[in-house]
Amino acid sequence: MIFSEYHQKAINLLADAYSKDFAEYVSKNETFVDLLMELAEKYIDKNIPIVDVDANYELALSLCERVTVE
């Protein structure tokens with residue numbers, strides 16, 4: 001095994017070890033939540049013809065709740 005293979009294996013082991021903690025950190029981050037909501041609203045505006053503002057907001061929230069960080 002050459003150095004770069006050892007290096008990649010070490011990176012993969014670290015990512016595996018910290019991925020759940022990082023996912024929890026991201027999901028609780030206000031910036032992430034705000035960005036996710038903004039993206040959901042843009043997605044709805046582009047793809048789903050909902051004109052009611054309240055329904056649009058509720059759908060965006062529902063979409064955000066279904067997003068998982070893996």
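Restricting the trypsin sites (Lys or Arg not before Pro) of the chain to loop positions (DSSP other than H, G, I, E, B) with no more than 15 neighbouring Cβ atoms within 10 Å leaves Lys28, Arg66. In this label model, Ser27 and Ala15 are separated by 2.0 nm, measuring between points 7 Å along each Cα→Cβ vector. Pairs of Cα atoms nearer than 8 Å and 6+ residues apart set the relative contact order; for the chain it is 34 percent. In plain terms, the bigger the Kirkwood radius, the slower the diffusion; for the chain, with that radius from Cα pairs, at 4 °C and 1.567 mPa s, Stokes-Einstein puts D at 89 µm²/s.
Quick note: the coordinates plus some simple rules give every number you see, no bench work behind them. Since the model is a prediction, treat every value here as computed from it, not as a measurement. A quick note on method: Cβ atoms are made from the backbone with ideal geometry, for glycine too, and the neighbour counts reach across all protein chains shown.
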